[in-house]
Amino acid sequence: MRVPLIAGNWKMNTTVGEAIKLVKEMLPRLDEIDGVEKVLCPPFVSLAALKELIKGSSIKLGAQNLYFEEKGAYTGEISPLMLANLCEFVIIGHSERRQYFGESGELIGKKVLAALKVGLKPILCIGERLEENEAGRTEEVVTEQLRSSLAEVKKLDGLTIAYEPVWAIGTGKAATGGQANETISLIRHFISQLYNRSVAQSLRILYGGSVTASNSSEFIKQPGIDGALVGGASLDAKQFLSIVKQTSEISQTR
Ligand code: 13P
């Protein structure tokens, strides 16, 4: 059984003070919800303060990026070692990193390896752009992204994949549950070819892209979808709590 995971990707939002306030707003109720892994991914600068705040709770933290080198002259970068005792998860290869910061599949692969090496759990993001979707190239694009990012990765233990179609991110135009489930099935099938069936069956694959409290159950109900990577709605305590609660209820009926 794959335990569902709901992660909030706060992106470049919240000052440290705002991050603390947001976590305080959801903390007691979020902590109580079981049967779901709950992960908050604030900006780097808030990780230390939030680590203190969530101590002793069931809430986990993730970073939104890292660099693959352990240390050195890489001005402005954050290393896996620096994150290893601050958080458990790290988002890697988000489409905004690919789009605005030119991250290639090869670079993303190095980041995945570097994260796994220090025991961080990568949430590897993949997804096709609108024109690729319209040209019927979704499967080709996501499998190529997986191939390049996992080329050197021997074991997927601890890794989660997030399927985030770029056209659904921040647009309010989510995929349908059926569409997302279909692509996620293709992804799982491809993973079983790259590794084996049991690796593919135990791998968590999330959906991301305009997930809200109103549409999250449509995704979570799908048999192949193991949770969500939530952007905008994760900055709203009520919505995020509702998404996690609905996920917990659905998972109990499985
Ligand atoms: P939105 O939920 O704001 O569309 O963002 C999705 C996302 O990019 C999560 O990583």
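Count the DSSP beta bridges whose two residues both fall in the chain, then state the antiparallel fraction as a percent rounded to the nearest 5. Intermediate results must be reported in sequence, preceding the final value.
Values: 0 of 28 bridges.
Rounded to the nearest five, the antiparallel share is 0 percent.
Each principal axis of the Cα atoms in region 46-108 has its own extent, and those three values, largest first, are 38, 26, 16 angstrom.
Rounded to the nearest 500, what is the chain's calculated 222 nm mean residue ellipticity when only DSSP H runs of at least 4 contribute -39500 (n - 2.57) each, over all residues?
Values: 11 runs with 112 residues, N = 254.
Value at 222 nm, helices only: -13000 deg cm²/dmol.
Per residue, how big is the convex hull around the C-alpha atoms of the chain? Give it to me in cubic angstrom, could you?
Numbers: hull volume 29.8 nm³, N = 254.
In the chain, the Cα convex hull volume per residue is 117 Å³.
Report, in listed order, any pair from Lys121/Lys173; Lys173/Lys221; Lys51/Lys221; Lys155/Lys245; Lys111/Lys245; Lys117/Lys173 with a Cα-Cα distance greater than 25 Å. Over 25 Å Cα-Cα: Lys121/Lys173; Lys51/Lys221; Lys155/Lys245; Lys111/Lys245; Lys117/Lys173. Of the residues Thr253, Thr212, Thr15, the one with the fewest other Cβ atoms within 10 Å heads the list, and the complete ranking is Thr253, Thr15, Thr212.
If you average the sequence gap of Cα pairs under 8 Å that are 6 or more apart and divide by the length of the chain, what percent do you get for the contact order?
Values: 484 pairs, mean separation 53.7, N = 254.
It rounds to 21 percent for the chain.
Note on region 110-238: Cα Rg divided by 2.2 N^0.38 Å, N the number of residues, gives 1.03.
Suppose R0 equals 25 Å. What FRET efficiency, 1/(1 + (r/R0)^6) with r the Cβ-Cβ distance, do Arg254 and Ser58 give to the nearest 0.05? Write down the numbers at each step before the final one.
Details: r = 20 Å, r/R0 = 0.79.
Approximately 0.80, to the nearest 0.05.
Pairs of Cα atoms under 8 Å, at least six residues apart: use those to get the relative contact order of region 1-111, whole percent. Numbers along the way, then the final one.
Numbers: 148 pairs, mean separation 25.7, N = 111.
Result for region 1-111 is 23 percent.
Per residue, the convex hull spanned by the Cα atoms of region 172-254 measures out at 87 cubic angstrom. Both numbers refer to the Cα atoms of region 47-174; Rg and Dmax are 15.5, 49 Å.
Each residue in Val118, Val112, Val3 was given a count of other beta-carbon atoms within 10 angstrom of its own, and listing them fewest first yields Val3, Val118, Val112.
Read-outs throughout are calculated quantities, based only on the coordinates presented, and are distinct from any laboratory measurement. The model shown is predicted, which means the values in this text are computed figures rather than measured ones. All Cβ positions, even for glycine, are placed from backbone atoms using ideal geometry, and neighbour counts span all protein chains on display.
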